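All remarks here apply to the structure that follows.
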Amino acid sequence: MKIGMNLPVMVPGLDRDLILEWSRRVDAGPYASLAAGERITFPNPEMMVTLAAAAAVTERVRLAFNVLVLPMHSTLLIAKQVATLDVISAGRVTLGVGVGGREEDYRAVGAICDERRLGRLEEQVALMRRAWAGERVVEGALRPVEPSPVQPGGPEILAGSLFPRSIRRAAHWADGLCSFSFGPSADEIGRQFELARAAWKREARSAPPRLVTGCWFALGRGARAQMDEYLHRYLGFLGPGVAEKLAPTVTTTCGQALQDAVGMIEDLGADELILAPTTSDPDEVHRVADLLG
């Protein structure tokens with residue numbers, strides 16, 4: 001199982017120096033991916049710009065969208081931006097896409113958050129792949145939407161799916177699963193993986209799904225308080241008291257707990273675990289590397 005690392009984009013106070021330092025340290029470490037997530041009405045940096053900056057100072061790690069809320073965006077503009085990032089990074093992009101769950105983010109960008117957004121996402125993925133294949137997808141245009149991605153046919157696309165319906169539907173259009181577990185929970189991750197394996201088999205896909213999941217973590221002195229503060233801030237959109245109820249279920253707040261979680265997720269058959277830090281301290285990159293060897 002590979003280990004990826006999210007940039008601490010959901011921790012307030014990131015600046016140029018921190019973003020670039022985290023990116024360089026992840027690239028120099030034992031990590032397979034450097035990832036970033038998306039929010040709009042939140043103090044995080046915009047993910048496309050952030051991953052472009054990371055691409056410029058890294059050479060090895062894959063650059064993972066974890067995840068991009070595709071129905072909030074113009075399909076072909078995203079196709080062009082992702083292809084450009086693939087060029088800048090020399091073919092190191094992994095695109096995780098999902099529908100999100102924060103209506104205020106949709107409103108902020110003038111997009112519609114309704115029950116059809118999963119269907120729209122599937123249509124958008126199909127259109128992006130046609131564009132990356134070089135089709136002229138714009139009526140009357142003299143050329144396709146370019147540049148072409150370095151990876152033939154475009155980057156792999158993972159479904160940012162957590163629930164059974166969306167996981168089953170992902171077998172029609174995704175290359176794999178990019179999930180997340182608060183705990184992390186063996187039962188939850190195991191169910192998601194089994195649903196994906198069964199759905200890919202039912203659709204007679206030529207390859208099994210790539211199985212990626214993630215979890216939060218905190219290490220060092222004050223880790224429990226750090227985690228609780230992070231969850232209170234990040235999950236505030238769910239309403240008063242929700243973060244306080246969920247916080248005790250998040251157990252990865254010491255080295256042994258993180259090691260146990262990594263072992264458990266590996267045993268479940270994950271191809272990659274992407275860790276989400278709860279501090280902007282770049283030394284966290286080395287702490288995890290030292291802990292996991």
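Values in this text are rule-based calculations from the coordinates and carry no lab data. Predicted model, so just to flag it, every value in this text is computed and none were measured. Ideal geometry is used to build each Cβ from the backbone, glycine not excepted, and the neighbour counts take in all protein chains shown.
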I'd like the orientation of helix 117-132 relative to the chain: the angle between its Cα long axis and the longest Cα principal axis, in ° from 0 to 90, rounded to 10. 60
Taking amide H atoms as placed 1.01 Å from N in the peptide plane, list the residues 5 or more away in sequence, or in a different chain, whose amide H sits under 5 Å from that of residue 63. 34, 93, 94
Can you tell me which of 201, 80, 245 moves the most in a GNM of the chain? Springs connect C-alpha atoms under 10 Å apart. 245
Residue separation times 0.36 nm, minus the C-alpha to C-alpha distance between residue 129 and residue 246: what's the value? 38.3 nm
Run lengths n ≥ 4 of DSSP H only: what is the helix-derived mean residue ellipticity at 222 nm for the chain, with -39500 (n - 2.57) per run over all residues, to the nearest 500? -13000 deg cm²/dmol
If you take the charge dipole of the chain about its Cα centre, with +1 on Lys and Arg Cβ and -1 on Asp and Glu Cβ, which of 41, 8, 268 is farthest toward its positive end? 268
Once the dipole of the stretch 82-149 is set up from charges on Cβ (+1 Lys and Arg, -1 Asp and Glu), the residue from the list 127, 90, 112 lying farthest towards its positive end is 90
Quick check: pseudo-label points 7 Å beyond the Cα along Cα→Cβ at residue 237 and residue 204, how many nm apart are they? 4.0
Compute the angle between helix 223-234 and the longest alpha-carbon principal axis of the chain, please, reported from 0 to 90 degrees and rounded to the nearest 10. 40
Among 292, 278, 236, pick out the residue whose Cα is farthest towards the positive end of the charge dipole of the stretch 227-293, where Lys and Arg carry +1 and Asp and Glu carry -1 on C-beta, about the Cα centre. 236
By the scheme Lys and Arg +1, Asp and Glu -1, what is the net charge of all other residues having a beta-carbon under 12 Å from that of residue 175? +1
Could you please state, rounded to a whole Å, how far the C-alpha centre of the stretch 234-277 is from the C-alpha centre of the stretch 1-75? 19
Compute the Cα gyration tensor for the stretch 243-293, then decide on rounded, prolate or oblate, letting a ≥ b ≥ c be the square roots of its eigenvalues: rounded whenever a/c is under 1.5, prolate when a/b is larger than b/c in the other cases, and oblate in all that remain. oblate
Obtain the nm distance between the two label points defined at residue 281 and residue 53 by a simple spin-label model: each point lies 7 Å from its Cα along the Cα-to-C-beta direction. 2.2
Per its Cα gyration tensor (rounded if a/c is under 1.5, else prolate when a/b beats b/c, else oblate), the stretch 1-113 is best filed as prolate
Given unit charges at Cβ for Lys, Arg (+) and Asp, Glu (-), the dipole magnitude of the chain about its Cα centre in debye, nearest 20, is 720
Using the beta-carbon distance between residue 254 and residue 90 and R0 = 35 Å, what value does 1/(1 + (r/R0)^6) give for FRET efficiency, to the nearest 0.05? 0.40
